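Participant: Okay, handing you the structure first.
The values are calculated or read from the model by the stated rules, or taken from the named source; none is laboratory data. Quick caveat: nothing in here was measured; it's all calculated off a predicted structure. A quick note on method: Cβ atoms are made from the backbone with ideal geometry, for glycine too, and the neighbour counts reach across all protein chains shown. For the accessible areas, the whole protein counts, side chains as well, though only heavy atoms, and no ligand, DNA or RNA atoms are used. Shrake-Rupley method; radii C 1.70, N 1.55, O 1.52, S 1.80 Å.
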Amino acid sequence: MDSWESLVAAFFIWVIIPVAVAGLSLAVALFYALSISQNTTVPRHRPKHAAAHLLIVLGSGGHTAEMFSMLRRMELDPTIYTYRTYIVSSGDKFSAAKAVEFENNHLYKRCQGHNGEGQPTENHKLAGSYGIVTVPRARRVHQSFLTAPASTLQCFWQCLLVLRGIHRDQTPLPPQTRSPYPDLILTNGPATAVCVILAAKLLRLWVYCFGSKQQHKDLAGAYPLRTIFVESWARVTTLSLSGKLLLPFVDRFLVQWPALEGKQAWKGMRKTEYVGTIVD
């Protein structure tokens with residue numbers, strides 16, 4: 001009996017306590033890192049004529065329709081966002097088709113023009129600078145919760161590859177881009193967005209802690225991997241599930257109804273910003 005109690009005591013002292021201390025230390029470190037990241041000062045204006053890489057996360061159905069409604073209303077300028085990457089989930093042909101339609105029927109026509117020699121202008125060429133990347137679904141409809149963690153991890157890994165610019169669907173970025181990472185990530189809440197935002201946060205933290213001098217230069221000088229979450233217009237008084245999950249992690253959280261203004265994950269973190277209706 002005494003030997004059994006001694007074994008339990010030893011296990012508690014040498015295993016349970018160190019694991020608990022390590023877990024608590026990790027939680028404190030992550031909390032501290034999030035607080036620093038949320039209060040980092042980012043210039044409101046990029047250097048003049050600097051190219052920007054915009055990454056847009058699409059979701060099936062309503063999320064995609066609302067996203068392109070926002071992009072049309074903001075009059076997305078391809079001379080500023082010189083390259084656009086659209087992330088879609090596997091099997092989501094609707095979102096991929098809508099991305100092509102937006103690029104061909106909206107941006108391309110908006111920049112349509114020719115120089116005096118009958119050649120396309122530079123703006124016209126920039127309207128065709130985009131790519132569509134397919135990542136696995138984090139969780140399929142009716143998928144068992146037992147297998148969901150594995151598919152979520154697979155989606156998360158593929159999102160990391162996209163952010164690093166080495167996904168199999170990606171082509172080399174235009175030479176004018178200043179960083180291998182997307183400058184701005186825009187989403188309105190599909191499930192894939194959770195993986196993308198967390199992957200961006202992890203990548204920024206990894207480069208900050210363990211990155212090379214060149215990676216620090218890429219990450220600090222160009223201010224890449226900044227994230228904006230736009231809550232759905234349909235959310236009037238409560239945040240969506242993805243919104244609640246990502247509120248502590250995004251750089252800006254925009255809401256379209258006054259009742260959602262000023263919400264924060266905890267004290268000291270950035271608050272949601274009311275910007276009014278931004279869909280057409």
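Participant: Taking the range 71-93 as the search range and keeping residues that are aromatic (Phe, Trp, Tyr) and not in a loop (DSSP other than H, G, I, E, B), which one is modelled with the highest pLDDT?
Facilitator: That would be 86.
Participant: I'd like to check something: does the range 169-188 contain any residue that is on the phi > 0 side of the Ramachandran plot, part of a loop (DSSP other than H, G, I, E, B) and assigned by TED's automatic domain parsing to the domain that holds residue 106?
Facilitator: Going residue by residue through the range 169-188, those that are on the phi > 0 side of the Ramachandran plot are none.
No - not one qualifying residue is present in the range 169-188.
Participant: Provide a single number: the residues in the range 165-180 that are touching a residue at least 60 places away in the same chain (Cβ under 8 Å), surrounded by 17 or more Cβ atoms within 10 Å (Cβ to Cβ) and not aliphatic (A, V, I, L, M).
Facilitator: Residues meeting the conditions: 3.
Participant: Give the residues of the range 190-201 that are small (Gly, Ala, Ser) and either open to solvent by less than 10 Å² (accessible area, probe 1.4 Å) or more than 24 Å from residue 235 (Cβ to Cβ) (or both), sorted by residue number.
Facilitator: 193, 199, 200
Participant: Something else about it: Which of the residues spanning the range 98-108 are of a type outside the set (D, E, K, R) and open to solvent by less than 60 Å² (accessible area, probe 1.4 Å)?
Facilitator: 99, 100, 102, 106, 107
Participant: I've got another one for you. Output the residue which, of all residues in the range 68-106 that are polar (S, T, N, Q) and within 19 Å of the chain's Cα centre (by Cα), is nearest to residue 54 (Cα to Cα).
Facilitator: 85
A quick yes/no check of all residues on (1) within 14 Å of residue 197 (Cα to Cα); (2) under 13 Å from the mean Cα position of the chain (by Cα); (3) outside the structural domain of residue 64 (by TED's automatic domain parsing); (4) surrounded by fewer than 14 Cβ atoms within 10 Å (Cβ to Cβ):
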position: 227; (1), (2), (3), (4): yes, yes, no, no
position: 232; (1), (2), (3), (4): no, no, no, no
position: 238; (1), (2), (3), (4): no, no, no, yes
position: 243; (1), (2), (3), (4): yes, yes, no, no
position: 249; (1), (2), (3), (4): yes, yes, no, no
position: 258; (1), (2), (3), (4): no, no, no, yes
position: 263; (1), (2), (3), (4): no, no, no, no
position: 266; (1), (2), (3), (4): no, no, no, yes
position: 269; (1), (2), (3), (4): no, no, no, no
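Participant: In the range 126-164, which residue that is out of contact with any strand residue (DSSP E or B) (no Cβ under 7 Å at 6 or more places or on another chain) and among the hydroxyl-bearing types (Ser, Thr, Tyr) is least open to solvent (accessible area, probe 1.4 Å)? Reasoning before the result, please.
Facilitator: So in the range 126-164, the residues out of contact with any strand residue (DSSP E or B) (no Cβ under 7 Å at 6 or more places or on another chain) come out as 126-128, 136, 138-154, 156-157, 160-161, 163-164.
Then keep just the ones that are among the hydroxyl-bearing types (Ser, Thr, Tyr); that gives 144, 147, 151-152.
On the way: 144: 58, 147: 71, 151: 12, 152: 53 Å².
Out of the qualifying residues, it is 151.
Participant: What number of residues within the range 58-70 satisfy the criterion of being in contact with a strand residue (DSSP E or B) (Cβ under 8 Å, 6 or more places away or on another chain) and either surrounded by fewer than 19 Cβ atoms within 10 Å (Cβ to Cβ) or at pLDDT below 85 (or both)? Give the steps one after another, and end with the answer.
Facilitator: From the range 58-70, those in contact with a strand residue (DSSP E or B) (Cβ under 8 Å, 6 or more places away or on another chain) are 58-60, 67, 70; that's our starting set.
Now narrow it down to the ones that are either surrounded by fewer than 19 Cβ atoms within 10 Å (Cβ to Cβ) or at pLDDT below 85 (or both): 60.
Of the residues in the range 58-70, 1 are in contact with a strand residue (DSSP E or B) (Cβ under 8 Å, 6 or more places away or on another chain) and either surrounded by fewer than 19 Cβ atoms within 10 Å (Cβ to Cβ) or at pLDDT below 85 (or both).
Participant: Among the residues of the range 202-219, which ones are open to solvent by 60 Å² or more (accessible area, probe 1.4 Å) and at pLDDT below 75?
Facilitator: 208, 209, 210, 213, 214, 215, 216, 217
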